[in-house]
Amino acid sequence: MANKLSNKGVRIKKWELLSDNWYTLKKYFFNYQLKNGSWQEQHREVYDRGNGAVILLYNKEKKTIILTSQFRIPTYVNGNETGMMIELPAGLLDDEQPEEAIKRETEEETGYRISKVKKVFEAYMSPGSVSEILYFFIAEYDSEMKVGTGGGHDDETENIEVLEIPFKEAVAMMQKGEIKDAKTMMLLQYAQINKLI
């Protein structure tokens, strides 16, 4: 996490490491200054999995986009009957710049090698407990960019299905609740608002 802490109304007293099994879960103890000037002692758990990036690949001529489908255990244990999620290609930065990371993730997950990407915004996805900033990108794709089958990186136990579907169908899936992934919904809505396709 960044060390640029400059809020004079927050005084971090200490933190405890609760888990570093996959990523890190820390419990922070801090004082927070209220609007009336008084100080309140608080503690919160923060999960740090690093920052990530997501991309909407779109083809204007065919009016299609690239999606992925994969099993997500957190959704499975919280009401998703099959655990399968339809999402846009995404992944962690792994010490790379966001632009380079999303190009790598795109090729690993979808088999498309893209050279030009455009960042459209960035967002904290779950700021109450997760430190991650997600960088949102768009890029055009065509069949000539296909250099592999995709499916994810062998070392990461991913089993990703690549889907090429009409953009209008993806929007309908979102409206029917078949697409429930927040980052995917955000970029689909961005594409709608900006009439990308």
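Any read-out appearing in this document is the output of simple, stated calculations on the displayed coordinates, not a laboratory observation. No experiment lies behind these values; they were computed from the predicted model shown. So basically every Cβ, Gly included, is an ideal-geometry build from the backbone, and we count neighbours across all protein chains shown.
So which of Lys118/Lys183; Lys60/Lys180; Lys60/Lys103; Lys146/Lys176 end up more than 22 Å apart by C-alpha?
Among Lys118/Lys183; Lys60/Lys180; Lys60/Lys103; Lys146/Lys176, the Cα-Cα distance tops 22 Å for Lys60/Lys180; Lys146/Lys176.
As a test of the formula, what do you get for the chain when each DSSP H run with n ≥ 4 contributes -39,500 (n - 2.57) and the sum is divided by the residue count, at 222 nm and rounded to the nearest 500 deg cm²/dmol?
Helices in the chain give a 222 nm mean residue ellipticity of -5500 deg cm²/dmol.
Treating cross-link reach as a plain straight distance, find the lysines whose alpha-carbon is under 21 Å from the alpha-carbon of Lys13, omitting any fewer than eight places away in the same chain.
Those lysines meeting the cut-off are Lys4, Lys26, Lys27, Lys35.
Please get the size of the charge dipole for the chain, origin at its Cα centre, with Cβ charges of +1 on Lys and Arg and -1 on Asp and Glu, quoted in debye to the nearest 20.
Computed charge dipole of the chain: roughly 1280 debye.
Rounded if a/c is under 1.5, else prolate if a/b beats b/c, else oblate: with a ≥ b ≥ c from the C-alpha gyration tensor eigenvalues square-rooted, which is segment 52-193?
rounded
Grab the beta carbon distance between Glu41 and Val130, set R0 = 30 Å, and tell me the FRET efficiency rounded to 0.05.
The formula returns an efficiency of 0.85 here.
Suppose R0 equals 41 Å; then what is the FRET efficiency for Glu16 and Gln97 from their Cβ-Cβ distance, rounded to the nearest 0.05?
Step by step, r from the Cβ atoms, then E = 0.80.
Quick one: angle between helix 98-110 and the longest Cα principal axis of the chain, in degrees between 0 and 90, rounded to 10, please.
Tilt relative to the chain: about 50 degrees.
Show me the chymotrypsin sites (Phe, Trp or Tyr not before Pro) within segment 1-65 that DSSP assigns to loop and that have at most 12 other Cβ atoms within 10 Å of their Cβ.
The qualifying sites are Trp22.
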